[in-house]
Amino acid sequence: MFVRGLKRKCFDGEEDIDGTLAGIKAIPSYNLQRQSLLDMSLVKLQLCHMLVEPNLCRSVLIANTVRQIQEEMTQDGTWQMINTQSTGQASLDRLVSTDILCRSSREQAEGKHVAGYSTFNKDFEGDQAQDSSETMSTASSVQALRNLQSNVWEMENPQENKGNFQKSLDQIFETLENRSPNSVEDLFSEVDNSYYDLDTMLTGMMSNTKMGHCDGLETFSSPTTTTSNSNCKSDLNELDHIVEILVES
Amino acid sequence: ADIISTVEFNHTGELLATGDKGGRVVIFQREQESKNQPHRRGEYNVYSTFQSHEPEFDYLKSLEIEEKINKIRWLPQQNAAYFLLSTNDKTVKLWKVSERDKRPEGYNLKDEDGRLRDPSMITVLRVPVLRPMDLMVEATPRRVFANAHTYHINSISVNSDYETYMSADDLRINLWNFEITNQSFNIVDIKPANMEELTEVITAAEFHPHHCNTFVYSSSKGTIRLCDMRASALCDRHAKFFEEPEDPSNRSFFSEIISSISDVKFSHSGRYIMTRDYLTIKVWDLNMENRPIETYQVHDYLRSKLCSLYENDCIFDKFECVWNGSDSVIMTGSYNNFFRMFDRNTKRDVTLEASRENSKPRAILKPRKVCVGGKRRKDEISVDSLDFSKKILHTAWHPSENIIAVAATNNLYIFQDKVN
């Protein structure tokens, strides 16, 4: 289980801090640790193996932890602080993740509804009897979403789906600007490349064999891997395009 | 050999079943004790091996369904054959394991090779006789209970009426009749109308050993609910609710995660339940809901390492726990191939290790100790040297004797009491 680009600050060994010193230093240190925990949790929610349905219990526990941190940060007033922060101050990762959290909480507050998805809620309840092909293709499209973010139960919750998906994409876009091609490749190796081939997705052509993420790459995309930024950019444009389609449907 | 994912003795202790990640079930049988070799008390040998579940693909969700066996539960023996339930994430199967040690010989219409004989050539009639043959153990699937769970099955439990059983997934519990595979009753449903509101899942469930109307289920928030099926068809309202108030001094962001109950087991007497959460084992009296009567620390030295354990996902490991036959000792696993036993009467506890390197066959296990800080004594192991990839999640205790089965990743260890 690797964690990318996060500061490894943990609560462990906190009790070793000297008493008086702790009084002075503990407060910023606690915020830092809390933030790091938040980042870690968000990554955990997104980086799950998507071949098998992820563990719902684990997802729920992590989500509850995130909520808990969020609540505490709101009470602290730390929340407002981060909201108004301009770019360039903290690390990019942290900004991205708190931006994510802001967005999801805003969406929750407003209770947005995307028309095309609202019918989805009921239909996807593991109901075997899906007749309409329209629902089927929507199902496959949401499948594409799930390939990118891993909250199982959010399948039932399309608006949050879209939010999470959006933020996952944003995260990739932002880090893309600043990272080397190698890590870009790594980033995309996490993404199931069947995503790129929307047609294949919609016809439900996932083959009945065990696919590692690497195999997925071979099966669906062209043999060339994304080694240059220009390739990535075009793939990003495709992703963008796909997002547009999903949003509009 | 694959990673063992469940271990279970049958009701007499004669058989021991293990399920693995590859969907296979291996059953061991205890040797008959012989007077010739009294020092070799009945050892367990492989009795039957079969493929219980295969990997499947859910085309609607485009996801694989793992063949890993999550639980095996035996039915009490009612005739010469043995029956067990085995389940993966989605499907429960009833298997019949039976022996064949005789075969009929001397058919009239076919010869020994099975070729049909020409009826006109038959001049004498004979009665086929049963002749002994090499023992053959066959496992056949008798029932397949499928398509009843949207979420992953974590528990199955055979009812004391021997006619029904329940299967529990993250959000629902279903009641089945063994004879009926195309229907089940939903008896618990905690799925919220809006999945956004989901904050709690079912983690384990079990029927009362004697009262066929009573069962318990545990949750990810550290609570246990006891339900009475006589009260209503859908047991969404509990009859009893067991929860220990939180200790405010120990509160952290990980409090909820470590309070999540990974296993719940009734005592054989039916009077108590035992729950396992990440750091402790608790014994509850069914008559007292507000706190457990006993709490045992399994590996409290991990409390200061919770953040690291969260990072590497170990904090989500689901340890099981077991009672001994007389309900006087409880056992559970830990890391580094350690497992722990707690004597409820003497209040003594011991840490033992299941590893080939550190103990020879038939040698008495040496108690182990984890040192927390400061000076490490010679035989102790420090917390930072613990191997968190070697976890003992599944153990079983013989129903009447002091024989235990311990699954250490892909190895099965069977330990017995010392023979005097």
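Per residue, what accessible area does the stretch B:208-340 have, given a 1.4 Å probe and all protein chains present, in Å²?
Details: 4830 Å² over 133 residues.
Per-residue value: 36 Å².
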Checklist outcome for this item: Taking every residue of A:57-69, the Cβ atoms of other protein chains inside 10 Å of its Cβ average out to 6
Checklist outcome for this item: Per the rule of 0.36 nm per residue minus the C-alpha distance, extending B:Leu116 to B:Asn410 adds in nm 101.0 nm
Next on the checklist: Run the numbers for B:Arg131 and B:Glu380: contour at 0.36 nm per residue of separation, minus the present Cα-Cα distance, in nm.
Outcome noted: 83.7 nm
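Could you state how much accessible area is buried at the B-A interface, both sides summed, with a 1.4 Å probe, in Å² to the nearest 100?
Working: alone 22540 and 14520 Å², together 32760 Å².
In total, this chain pair buries about 4300 Å².
What's the FRET efficiency of B:Ser359 with B:Gln78 using the Cβ-Cβ distance as r and R₀ = 35 Å, to the nearest 0.05? Before the final figure, lay out the partial values.
Working: r = 39 Å, r/R0 = 1.12.
Computed FRET efficiency for B:Ser359 and B:Gln78 comes out at 0.35.
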Item to check | Residue-span extension gain [B:Asn250 to B:Ser400] - 0.36 nm each, minus C-alpha spacing | outcome: 50.1 nm
Checklist entry - What Cys residues in chain B are without a partner cysteine, judged by a Cβ distance under 4.7 Å? => result B:Cys212, B:Cys314, B:Cys321, B:Cys371
Checklist entry - Ordered by residue, what ³J(HN,Hα) values in Hz, to whole numbers, does the stretch B:377-393 give under the Karplus form 6.51 cos²θ - 1.76 cosθ + 1.60, where θ = phi - 60° and Gly and Pro are x? => result 6, 4, 8, 7, 10, 7, 4, 6, 8, 5, 8, 7, 8, 9, 10, 9, 9
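Please give me, ordered by residue number, the trypsin sites (Lys or Arg not before Pro) of the stretch B:84-117 that lie in loop per DSSP and have at most 10 other Cβ atoms within 10 Å. The partial results should precede the final answer.
Values: sites: B:Lys90, B:Lys93, B:Lys96, B:Arg100, B:Lys102, B:Lys110, B:Arg115, B:Arg117; in loops: B:Lys90, B:Arg115, B:Arg117.
Loop-located and lightly packed - B:Arg115.
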Next on the checklist: Taking a virtual spin label 7 Å from the Cα of B:Asn287 along the C-beta vector, which residues in the stretch B:255-279 bring their backbone nitrogen under 12 Å of it?
Outcome noted: B:271-272
Checklist entry - Could you give the nm distance between label points at B:Gln32 and B:Lys102, where each point is 7 Å from its Cα heading toward the beta carbon? => result 1.6 nm
Item to check | Cβ-derived FRET efficiency at R0 22 Å, B:Asp189 paired with B:Ala231, nearest 0.05 | outcome: 0.90
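Any of B:Lys68/B:Lys390; B:Lys191/B:Lys391; B:Lys61/B:Lys305; A:Lys44/B:Lys191 with alpha carbons more than 29 Å apart? Name them for me. Don't jump to the answer; show the numbers that get you there.
Details: B:Lys68/B:Lys390 19 Å; B:Lys191/B:Lys391 31 Å; B:Lys61/B:Lys305 37 Å; A:Lys44/B:Lys191 23 Å.
Pairs exceeding 29 Å: B:Lys191/B:Lys391; B:Lys61/B:Lys305.
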Next on the checklist: I want to verify a result. In a Gaussian network model of chain B, Cα cutoff 10 Å, which of these has the top mean-square fluctuation: B:Arg362, B:Arg24, B:Arg142?
Outcome noted: B:Arg362
Item to check | Where labels lie 7 Å past Cα in the beta-carbon direction, separation of B:His11 and B:Arg303 in nm | outcome: 4.2 nm
Checklist outcome for this item: Shielding of B:297-306 by other chains, given as the mean Cβ count within 10 Å, works out to 1
Item to check | Distance (nanometres) between label positions extended 7 Å along Cα→Cβ at B:Lys347 and B:Thr199 | outcome: 3.7 nm
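Residues of B:55-67, mean number of Cβ from any other protein chain within 10 Å of their own Cβ, rounded to a whole number? Mind dumping the intermediate values first?
Numbers: counts 4, 1, 6, 3, 3, 10, 9, 14, 9, 10, 2, 3, 0.
Counting Cβ atoms of other protein chains within 10 Å of each residue's Cβ and averaging gives 6.
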Checklist outcome for this item: With R₀ set to 60 angstrom, the calculated FRET efficiency between the beta-carbons of B:Glu54 and A:Asp76, to the nearest 0.05, is 0.70
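Measure off, as a whole percent, the carbon and sulfur share of the 1.4 Å-probe accessible area of the stretch B:37-99, all protein chains present.
Details: 1140 of 2560 Å².
About 45 percent, which is the carbon plus sulfur part of the accessible surface.
The values are calculated or read from the model by the stated rules, or taken from the named source; none is laboratory data. Bear in mind the structure is a predicted one, so any value in this text is a computation, not a measurement. So basically every Cβ, Gly included, is an ideal-geometry build from the backbone, and we count neighbours across all protein chains shown. Heavy atoms of the whole protein, side chains included, go into the accessibility calculation; ligands, DNA and RNA do not. Shrake-Rupley method; radii C 1.70, N 1.55, O 1.52, S 1.80 Å.
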